[in-house]
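Heads up, the thing below is written out as structure tokens.
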Amino acid sequence: MNILTLASGIVFSSCAFADMTVVFPDNRKFAESDGSDFLVASTIPGDFKTPEGVVAATLFLGNQVRDKRLSAPFFPDTLSGSSHFEGAQPLGSYFRGARIEGKTFVISFTGESMRYLNNTAGIQQSVKGALEATIMKNFPGIQAVSYEIDGKIVSDWDA
């Protein structure tokens with residue numbers, strides 16, 4: 001059984017009778033190509049179904065991805081090429097929740113998450129691309145993903 005406890009005290013659990021699909025970057029494919037088609041589907045243990053459960057599992061269990069060629073871009077040591085990660089916690093530490101509003105999936109983070117979400121174009125592609133593709137795989141009716149930072153939807157990104 002997988003049990004995730006967030007800093008906010010929310011507990012998610014799942015029996016590993018099934019695996020959840022995740023989509024993570026294959027850094028080798030990214031380096032060898034034009035930057036497209038580098039996100040690859042794999043699985044992590046557990047069968048999470050709720051918006052918060054899927055995002056939390058992706059952020060916290062990403063290092064258990066079955067395909068070991070893939071890397072979960074939600075940890076400072078995975079993205080250590082940027083100075084933005086000095087003193088950073090894993091992205092999951094900044095996660096505050098998720099919800100579905102119509103056909104939009106909204107992920108809520110604290111401002112510290114911007115180290116991951118508003119970084120260089122390559123890091124943004126890896127982090128947001130992995131989150132968005134994983135959400136689309138697990139919630140096929142979703143048409144858009146929005147990021148809520150400290151209670152406000154952010155749509156302008158630097159890179």
Quick one: pull the percent of accessible area on the range 46-109 belonging to carbon and sulfur, 1.4 Å probe, ligands and nucleic acids left out. 48
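Can you pull the percent of the range 110-157's accessible area that's carbon plus sulfur, 1.4 Å probe, other chains left in place?
Numbers: 1060 of 2180 Å².
Within the range 110-157, the accessible surface is 49 percent carbon and sulfur.
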Share (percent) of C-alpha pair distances in the range 55-159 greater than 21 Å works out to 30
Could you calculate, for the range 103-159, the ratio of the Cα radius of gyration to the Kirkwood radius, expressed as Rg to Rh? 0.96
Whole-number percent relative contact order across the range 61-159, with pairs defined as alpha carbons under 8 Å at least 6 apart: 24
For the range 25-159, give the magnitude of the charge dipole about the Cα centre (Cβ charges: +1 Lys/Arg, -1 Asp/Glu; no others), in debye to the nearest 20. 380
Can you give me the accessible area per residue for the range 32-159, using a 1.4 Å probe, in Å²? 46
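The values are calculated or read from the model by the stated rules, or taken from the named source; none is laboratory data. Small disclaimer: the values here were computed from a predicted structure and weren't measured. FYI the Cβ positions are ideal-geometry reconstructions off the backbone, even for glycines, and counts take in every protein chain you see. The accessibility values were calculated without ligands, DNA or RNA, using every heavy atom of the protein model including side chains. Shrake-Rupley method; radii C 1.70, N 1.55, O 1.52, S 1.80 Å.
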